[in-house]
Amino acid sequence: QVQLVESGGGLVQAGGSLRLSCAASGSIFGINAMGWYRQAPGKQRELVAMIILGGFTNYADFVKGRFTLSRDNAKNTVYLQMDSLKPEDTALYYCNVVVRRSDYWGQGLQVTVSS
(Lines give C-alpha, C1' and ligand atoms only; values in the text may rest on other atoms or scores of the structure.)
Protein backbone atom coordinates (compact mmCIF):
# COMPACT_ATOMS: atom_id res chain seq x y z
CA GLN A 1 0.00 0.00 0.00
CA VAL A 2 0.98 3.59 -0.63
CA GLN A 3 0.11 6.36 1.78
CA LEU A 4 0.03 10.02 0.79
CA VAL A 5 0.07 12.85 3.30
CA GLU A 6 -0.87 16.23 1.89
CA SER A 7 -0.36 19.58 3.57
CA GLY A 8 -0.73 23.22 2.71
CA GLY A 9 -3.65 24.86 1.00
CA GLY A 10 -6.06 27.37 2.48
CA LEU A 11 -7.42 30.79 1.70
CA VAL A 12 -5.38 33.50 -0.01
CA GLN A 13 -6.05 36.74 -1.82
CA ALA A 14 -5.53 37.05 -5.54
CA GLY A 15 -1.86 37.58 -6.34
CA GLY A 16 -0.78 35.68 -3.26
CA SER A 17 1.12 32.43 -2.85
CA LEU A 18 0.60 29.02 -1.34
CA ARG A 19 2.72 25.88 -1.12
CA LEU A 20 1.35 22.37 -1.22
CA SER A 21 3.28 19.32 -0.06
CA CYS A 22 2.68 15.63 -0.58
CA ALA A 23 4.75 12.97 1.15
CA ALA A 24 4.56 9.38 -0.04
CA SER A 25 5.31 6.36 2.12
CA GLY A 26 4.73 2.61 2.16
CA SER A 27 5.30 0.45 -0.91
CA ILE A 28 6.76 3.23 -3.01
CA PHE A 29 9.63 1.41 -4.69
CA GLY A 30 9.41 2.22 -8.36
CA ILE A 31 7.71 5.62 -8.36
CA ASN A 32 7.00 6.58 -11.96
CA ALA A 33 5.56 10.06 -11.40
CA MET A 34 4.44 12.49 -8.70
CA GLY A 35 2.36 15.60 -9.01
CA TRP A 36 -0.93 17.40 -8.57
CA TYR A 37 -4.36 17.54 -10.14
CA ARG A 38 -7.20 19.85 -9.28
CA GLN A 39 -10.97 19.84 -9.49
CA ALA A 40 -13.15 22.91 -9.34
CA PRO A 41 -16.89 22.68 -8.56
CA GLY A 42 -18.81 21.41 -11.57
CA LYS A 43 -15.65 20.68 -13.53
CA GLN A 44 -13.60 17.62 -14.30
CA ARG A 45 -10.37 16.85 -12.54
CA GLU A 46 -7.43 18.25 -14.50
CA LEU A 47 -3.68 17.96 -14.43
CA VAL A 48 -1.80 20.83 -12.80
CA ALA A 49 1.79 19.58 -12.87
CA MET A 50 3.62 16.27 -12.81
CA ILE A 51 7.24 15.17 -12.44
CA ILE A 52 7.86 12.05 -14.47
CA LEU A 53 10.63 9.47 -13.95
CA GLY A 54 13.79 10.96 -15.39
CA GLY A 55 13.04 14.42 -14.13
CA PHE A 56 10.81 15.80 -16.87
CA THR A 57 8.16 18.12 -15.49
CA ASN A 58 4.88 18.66 -17.27
CA TYR A 59 2.81 21.76 -16.51
CA ALA A 60 -0.69 22.64 -17.58
CA ASP A 61 -0.73 25.74 -19.75
CA PHE A 62 -2.83 27.65 -17.26
CA VAL A 63 -0.11 27.46 -14.57
CA LYS A 64 3.05 27.90 -16.62
CA GLY A 65 5.13 30.72 -15.21
CA ARG A 66 3.14 30.83 -11.97
CA PHE A 67 3.45 27.39 -10.38
CA THR A 68 6.62 25.41 -9.73
CA LEU A 69 6.74 21.71 -9.00
CA SER A 70 9.74 20.23 -7.22
CA ARG A 71 10.60 16.91 -5.67
CA ASP A 72 12.75 15.80 -2.76
CA ASN A 73 13.70 12.24 -3.64
CA ALA A 74 15.20 11.54 -0.22
CA LYS A 75 11.87 12.39 1.42
CA ASN A 76 9.65 11.05 -1.36
CA THR A 77 7.92 14.39 -1.23
CA VAL A 78 6.67 16.65 -3.98
CA TYR A 79 6.04 20.36 -3.54
CA LEU A 80 3.83 22.68 -5.54
CA GLN A 81 4.75 26.33 -5.13
CA MET A 82 1.83 28.42 -6.36
CA ASP A 83 2.47 32.10 -7.02
CA SER A 84 0.38 34.86 -8.59
CA LEU A 85 -2.75 32.96 -7.66
CA LYS A 86 -6.00 33.83 -9.39
CA PRO A 87 -9.62 33.29 -8.31
CA GLU A 88 -9.95 30.70 -11.07
CA ASP A 89 -7.29 28.63 -9.30
CA THR A 90 -9.85 27.91 -6.58
CA ALA A 91 -10.29 24.13 -6.44
CA LEU A 92 -9.60 20.94 -4.55
CA TYR A 93 -6.01 19.96 -5.23
CA TYR A 94 -5.17 16.27 -5.24
CA CYS A 95 -1.75 14.72 -4.94
CA ASN A 96 -1.20 11.92 -7.45
CA VAL A 97 1.58 9.34 -7.31
CA VAL A 98 2.11 6.63 -9.88
CA VAL A 99 3.90 3.59 -8.48
CA ARG A 100 4.63 0.71 -10.83
CA ARG A 101 1.90 2.09 -13.14
CA SER A 102 -0.75 2.17 -10.40
CA ASP A 103 -2.36 5.49 -9.44
CA TYR A 104 -2.64 6.63 -5.85
CA TRP A 105 -4.51 9.73 -4.75
CA GLY A 106 -4.45 11.99 -1.74
CA GLN A 107 -7.65 13.12 -0.04
CA GLY A 108 -7.43 16.61 -1.49
CA LEU A 109 -6.61 20.07 -0.23
CA GLN A 110 -8.90 23.04 -0.62
CA VAL A 111 -7.33 26.11 -2.20
CA THR A 112 -9.50 29.21 -2.25
CA VAL A 113 -8.37 32.42 -3.92
CA SER A 114 -10.43 35.51 -3.17
CA SER A 115 -10.66 38.43 -5.53
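Remarks
- Matching entry among V97, V113 (being modelled with pLDDT of 95 or more and touching a helix residue (DSSP H, G or I) at 6+ places or on another chain (Cβ under 8 Å)): V113
- Just one of the numbered conditions (1) surrounded by 13 or more Cβ atoms within 10 Å (Cβ to Cβ); (2) under 19 Å from G10 (Cβ atoms); (3) not β-branched (V, I, T) is not true of Q107: (1).
- Any chance D83 is touching a residue at least 40 places away in the same chain (Cβ under 8 Å), of a type in the set (D, E) and more than 17 Å from V5 (Cα to Cα): yes
- The set of residues from region 50-80 being among the aliphatic types (A, V, I, L, M), more than 18 Å from Q110 (Cβ to Cβ) and in contact (Cβ under 8 Å) with a residue 12 or more places away in the chain comprises M50, I51, I52, L53, A60, L69, V78.
The values are calculated or read from the model by the stated rules, or taken from the named source; none is laboratory data. Quick caveat: nothing in here was measured; it's all calculated off a predicted structure. FYI the Cβ positions are ideal-geometry reconstructions off the backbone, even for glycines, and counts take in every protein chain you see.
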